[in-house]
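I have a structure here, written as structure tokens, and I will follow up with some questions on it.
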Amino acid sequence: MARELRDRPGITAEMLAEEFGVSPRSIFRDLDRLRDRGYPVESSRGRGGGLRLRGNWGLGMVQLRREEALCALLALAVAERLGLPMFGHETARARRKLADVFPASERRRLAPLRERILLGSPASPSVRASYITPDGPAMRSLQAAFVDERVVTATYTRDDGTTTRRRLEPHALLICWPVWYVLAHDHLRQEPRTFRLDRFERVDVETQQFRSRPQDIGLDVLARHGVRVEPV
């Protein structure tokens, strides 16, 4: 109900009753419960009246910028899919509460991003042993390019230690805990490739955009190697 009040200011109790299939009296009881829980529900009569949540309710109350809130939601979704042995139930509830205060346009933006973050099997002991913390500035640039669907030019270290300069389209992320990969179209090779995040040294975001195709880019390569994945 809080989401309806936020997204549809001016909605009436009768409209909510019809929406939820209950009586107006039930709606008024639920509105009182929301007020008791601290939700700033306002009501007014006459033309332009109705029910609404006070304008400063939502993300502004926790002072998160849009990208910060988006990152928090994605991080919670990833944690939820990893199946934490403790705090898993609270993680799911926190994600749902944060999603509830998102405007509808941002919720529509989040769904495709979740489909582009894939969860695979845990990394092998040998891969885990060689994995290091990825470079912070490079990851921030790669994150921005991933969300905004922009091409990047990156300095990348291959398995043999050779450093190369690659032009990539970051279509999807793959988590083989604790190792993260980006599934990208490699302009140098002209084919889908996987790149470990800890091997990026520098990432420059270009203005050129691409249309993400997570089901086409990389998934066929992973399937040929027997790697099973699913979206978060």
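Could you count how many residues in the range 101-120 are part of a helix (DSSP H, G or I), among the hydrophobic types (A, V, I, L, M, F, W, C) and either at pLDDT below 80 or more than 9 Å from the chain's Cα centre (by Cα) (or both)?
3
Further, regarding this structure: Please specify each residue of the range 145-154 satisfying the condition of being without any contact (Cβ under 8 Å) to a residue 60 or more places away in the chain and under 21 Å from the mean Cα position of the chain (by Cα).
PHE146, VAL151, VAL152
Next question. Here is a check on your reading of the model: is VAL147 open to solvent by less than 40 Å² (accessible area, probe 1.4 Å) and not in a helix (DSSP H, G or I)? Working first, answer last.
Working: open to solvent by less than 40 Å² (accessible area, probe 1.4 Å): yes; not in a helix (DSSP H, G or I): no.
No.
So, one more: Tally time: how many residues in the range 94-144 are without any contact (Cβ under 8 Å) to a residue 24 or more places away in the chain, closer than 30 Å to LEU5 by Cβ and surrounded by fewer than 17 Cβ atoms within 10 Å (Cβ to Cβ)?
Qualifying residue count for the region: 7.
Now, a different point. Out of ALA184, ALA145, ALA138, ALA172, I need the residue that is under 25 Å from LEU73 (Cβ atoms) and in contact with an Asp or Glu (Cβ under 6 Å, 6 or more places away or on another chain). Which one?
The unique qualifying residue is ALA184.
Can you spot a residue in the range 189-202 that is in a loop (DSSP other than H, G, I, E, B) and either open to solvent by less than 70 Å² (accessible area, probe 1.4 Å) or in contact with a helix residue (DSSP H, G or I) (Cβ under 7 Å, 6 or more places away or on another chain) (or both)?
No, the conditions are met nowhere in the range 189-202.
Taking the range 1-20 on its own, how many of its residues are open to solvent by less than 50 Å² (accessible area, probe 1.4 Å) and in contact with a Pro (Cβ under 7 Å, 6 or more places away or on another chain)?
Result for the range 1-20: 2.
Restricting to the range 3-14, name every residue that is in contact (Cβ under 8 Å) with a residue 24 or more places away in the chain and either in a helix (DSSP H, G or I) or touching a Cys at 6+ places or on another chain (Cβ under 8 Å) (or both).
Selection gives ARG3, LEU5, ARG6, ASP7, ALA13.
Residues checked against (1) of a type in the set (A, V, I, L, M); (2) over 24 Å from GLN208 (Cβ atoms); (3) within 18 Å of the chain's Cα centre (by Cα); (4) not in a helix (DSSP H, G or I):
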{"site": "ALA75", "(1), (2), (3), (4)": "yes, yes, yes, no"}
{"site": "GLU80", "(1), (2), (3), (4)": "no, yes, yes, no"}
{"site": "GLU90", "(1), (2), (3), (4)": "no, yes, yes, no"}
{"site": "ALA99", "(1), (2), (3), (4)": "yes, yes, yes, no"}
{"site": "PRO122", "(1), (2), (3), (4)": "no, yes, no, yes"}
{"site": "VAL127", "(1), (2), (3), (4)": "yes, yes, no, no"}
{"site": "MET139", "(1), (2), (3), (4)": "yes, no, yes, no"}
{"site": "TYR156", "(1), (2), (3), (4)": "no, no, no, yes"}
{"site": "HIS171", "(1), (2), (3), (4)": "no, no, yes, yes"}
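To keep it simple, each residue is scored yes or no on (1) part of a strand (DSSP E or B); (2) open to solvent by less than 90 Å² (accessible area, probe 1.4 Å); (3) at pLDDT below 75.
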site	(1), (2), (3)
VAL22	no, yes, no
SER26	no, yes, no
GLY38	no, yes, yes
SER43	yes, yes, no
ARG47	no, no, yes
ARG52	yes, yes, no
ALA69	no, yes, yes
ALA72	no, yes, no
MET86	no, no, yes
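Somewhere in the range 162-175, is a residue modelled with pLDDT under 90 and open to solvent by 50 Å² or more (accessible area, probe 1.4 Å)?
Checked against the condition, which is being modelled with pLDDT under 90 and open to solvent by 50 Å² or more (accessible area, probe 1.4 Å), the range 162-175 yields no hits at all.
The values are calculated or read from the model by the stated rules, or taken from the named source; none is laboratory data. Model, not experiment: these values are computed from the prediction. Quick reminder, even Gly has a Cβ in these numbers, built from the backbone with ideal geometry, and neighbours come from all protein chains shown. Protein only, heavy atoms only, side chains kept; ligands, DNA and RNA dropped before computing areas. Shrake-Rupley method; radii C 1.70, N 1.55, O 1.52, S 1.80 Å.
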